[in-house]
1. With a cut-off of at least 1 residues that are over 26 Å from ALA302 (Cβ atoms), name the helices (runs of 4 or more DSSP H) lying wholly within segment 116-218.
2. Has segment 296-312 got at least one residue that is touching a Leu at 6+ places or on another chain (Cβ under 9 Å), open to solvent by 10 Å² or more (accessible area, probe 1.4 Å) and aromatic (Phe, Trp, Tyr)?
3. How many residues are open to solvent by 70 Å² or more (accessible area, probe 1.4 Å) and at pLDDT 65 or above when one looks only at segment 32-44?
4. On the basis of being open to solvent by 80 Å² or more (accessible area, probe 1.4 Å) and either in a loop (DSSP other than H, G, I, E, B) or within 18 Å of TYR298 (Cα to Cα) (or both), does PRO75 make the cut?
5. Before we move on, is LEU208 open to solvent by less than 30 Å² (accessible area, probe 1.4 Å) and of a type in the set (A, V, I, L, M, F, W, C)?
6. Scan PHE279, PHE358, PHE289 and give me the residue that is assigned to a helix (DSSP H, G or I), among the aromatic types (Phe, Trp, Tyr) and at pLDDT below 95.
7. Filter segment 227-277 down to the residues that are open to solvent by 10 Å² or more (accessible area, probe 1.4 Å), closer than 20 Å to ALA90 by Cα and of a type in the set (A, V, I, L, M) and list them by number.
8. Checking ASN239 against (1) closer than 20 Å to TYR359 by Cβ; (2) free of Cβ contacts under 8 Å to residues at least 40 places away in the same chain; (3) not aliphatic (A, V, I, L, M), which single condition isn't satisfied?
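The values are calculated or read from the model by the stated rules, or taken from the named source; none is laboratory data. Here the structure is a predicted model, which means the values were calculated and not measured. As a convention, Cβ positions derive from the backbone with ideal geometry for all residues, glycine included, and neighbour counts pool all protein chains shown. The area values use the complete protein model at the heavy-atom level, side chains included, leaving out ligands, DNA and RNA. Shrake-Rupley method; radii C 1.70, N 1.55, O 1.52, S 1.80 Å.
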Amino acid sequence: MLDRIAGFFRLIGQTIGRWARLFSAWAFWPFLAAHGWYQRRSWMIRLPVIAFVALLVVLYGYFFWQTQVWSNFNPAFVDQYRLSERKVAAGQDVPGAESANAAAPKTCQRSAIVDVAADLTDFNVNQNAWISSMLLYKVGFFGIDWDHTPFLDNKASFQRGVNQAVRRTSAELVDTLGRVRGTSGINNDLQSARGNLQFDENSWYFGLNPFGPKTPTPSYYRSAIGSLRKFNTDLALCNVIFDGRADNLMQFIDRIANDLGGTSDMLAERSENHNRGWFDTRADDRFWFAYGQLYGYYAIMAAAQADFSQVVAERNLGTIWGGTMRQFQAALRIQPAIISNGREDGWIMPSHLATMGFYILRVRSNLVEIRSVLDR
């Protein structure tokens, strides 16, 4: 009996070994064939080949480093703004800011929302490389889109999630917050920032459709940073408008809630129809996109509380707003090393997408409650 059992396990081992050898032969034969070809060439051919291989090693080394190192990633980075110390809402006169010289120009409060939007974009394209438009990211893994693999796409998805939050915010700044009741002219700096932030996320220096050289995505986003900062500089000089009315805040929160609702639906669809545990190669980019979106909206909502401090105080929204911030913080504490999209009742492979979707719905529920209070 024991001999039969031992023979069974030997057969399994032999089968695994045979398949491993076949896989190794399939994986390494191109390199062995290339080595044989290389050995038969002259140095006139070998030297360019060596230079090309060295270039690939450097490029892939840089690409790997940029995808794995998240510079200045900090879910609690909002604390550096000291928003609780602000005494007046955005666009309002700052008391005591005037100097002894009565002729000195008055000073208005900068918009924390605009500062945060600019800093989030700076984090994406200056403090880190913008992964989605890098050449090797566009080339993919042996022609397969990196988003369809479990490798090297988490940071790109996270950055796109952050950018989604900033894009939505820039649209609201143009349409409502940066003008009076929609009747005054659109601010040119905010309009420019919105246009640049809406630019294609995957553009490199050269493209096929249309064919020819292009301006890469990070250049547009860097221009948006400059436009946002210029608006805030003008706001501090009281030369432009930040319309911090309750109905504008209500519309802004409504747009954020709708955006998060779409992400929740995306997570639910993936969780319900593709729950293959650790073997779902699209689970990680879905998860990190949602995480990046929450990362961005957490900072933007904290900034909105400061910018609309007068409305928050008048409508007694402090408690609800604080609860919303805690829900954001709870969601951002979820940082699994490997994303699994298992069944919700599974006991081996967890369901990280369902967990993230749950937290997004909690955040969205609080936003809807804030909106309902503002609408009374």
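1. Details: elements: 135-139, 154-172, 188-197.
The helices (runs of 4 or more DSSP H) meeting that bar are 135-139, 188-197.
2. yes
3. The initial filter retains those residues of segment 32-44 that are open to solvent by 70 Å² or more (accessible area, probe 1.4 Å), namely 32, 35, 37, 39-41, 43-44.
Remaining after also requiring at pLDDT 65 or above: 39-41, 43-44.
Residues flagged as open to solvent by 70 Å² or more (accessible area, probe 1.4 Å) and at pLDDT 65 or above within segment 32-44 amount to 5.
4. Numbers: open to solvent by 80 Å² or more (accessible area, probe 1.4 Å): no; either in a loop (DSSP other than H, G, I, E, B) or within 18 Å of TYR298 (Cα to Cα) (or both): yes.
Taking the combined requirement at face value, the residue does not satisfy it.
5. Working: open to solvent by less than 30 Å² (accessible area, probe 1.4 Å): no; of a type in the set (A, V, I, L, M, F, W, C): yes.
When the stated conditions are applied, LEU208 does not pass them.
6. Values: PHE279 fails: assigned to a helix (DSSP H, G or I); PHE289 fails: at pLDDT below 95.
Result of the check over PHE279, PHE358, PHE289: PHE358.
7. Hits for segment 227-277 are ALA236, LEU237, VAL240, ILE241, ALA246, MET250.
8. Here ASN239 clears every test but (1).
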